[in-house]
Amino acid sequence: MSLLEVVVSSVVLATSSSAALGVWNQAATEVQRATQLDALALQLETARISTERWLQSDAAASVVIDSSSPDCRFNPEALEAAVAERLPLGSEVISRWSADPQGLGHWLELSAPSQPAMPPVMRRLLFTPAAYGLCKQAEVRS
């Protein structure tokens, strides 16, 4: 084998090794990003399930239903305060309640900021008092 062949084969080996390392680095970055997204999604899902379970409890009706309203509706301030008090969210999870424009209930928006290159992870759900059996007291009063 001549010196030229040795040099050429060394350059080819170095180039292919560098390309392989680049691919492995990119794959490792994507795996790490996917793991972070899974962790954020799990935090959002845990917060959603906790909120639903608490609203299904007997204690929720007396706290979050607006007794001054003739309809069975949430008291927005009480709903937000009660859920925030009883359901401590992960440090990265942000919750925000907003009334449905059609008066159907309240939207819970859960979000968790992700890395700058990725969009934030978000979950948005509509909660209505009737869906959780919280209108029983309103039916009895009618």
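Observations, loosely collected:
- Close pairs from the range 104-121: first aliphatic (A, V, I, L, M), partner assigned to a loop (DSSP other than H, G, I, E, B) and at pLDDT below 75, Cβ under 6 Å, at least 6 apart: A112/E92; V121/S114
- S114 vs. criteria exposed (fewer than 11 other Cβ atoms within 10 Å of the Cβ) and either at pLDDT below 85 or over 16 Å from the mean Cα position of the chain (by Cα) (or both): no
- When A28, A47, A59, A41 are checked against the criterion of being aliphatic (A, V, I, L, M), free of Cβ contacts under 8 Å to residues at least 40 places away in the same chain and under 23 Å from P113 (Cβ atoms), A28 stands alone in meeting it.
Let's see how each residue does on (1) of a type in the set (G, A, S); (2) more than 30 Å from E109 (Cα to Cα):
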site: S9; (1), (2): yes, yes
site: L13; (1), (2): no, yes
site: N25; (1), (2): no, yes
site: Q32; (1), (2): no, no
site: A39; (1), (2): yes, no
site: L42; (1), (2): no, no
site: T46; (1), (2): no, no
site: R53; (1), (2): no, no
site: D58; (1), (2): no, no
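- Restricted to the range 72-86, and to residues there that are hydrophobic (A, V, I, L, M, F, W, C), more than 17 Å from R124 (Cα to Cα) and out of contact with any His (no Cβ under 7 Å at 6 or more places or on another chain), the residue that is modelled with the lowest pLDDT is A82.
- Within the range 95-108, considering residues that are under 12 Å from the mean Cα position of the chain (by Cα) and surrounded by 14 or more Cβ atoms within 10 Å (Cβ to Cβ), the one modelled with the lowest pLDDT: S95
- Taking the criterion of being more than 20 Å from the chain's Cα centre (by Cα) and hydroxyl-bearing (S, T, Y), the residues of the range 2-42 that qualify are S2, S9, S10, T15, S16, S17, S18, T29.
- Of all the criteria given as (1) exposed (fewer than 14 other Cβ atoms within 10 Å of the Cβ); (2) at pLDDT below 80; (3) under 16 Å from the mean Cα position of the chain (by Cα), the one not satisfied by E45 is (2).
The values are calculated or read from the model by the stated rules, or taken from the named source; none is laboratory data. What you see is a predicted model; the values in this text were computed from it and never measured. Neighbour counts are summed over all protein chains in view; Cβ atoms, including those assigned to glycine, are modelled from backbone coordinates with ideal geometry.
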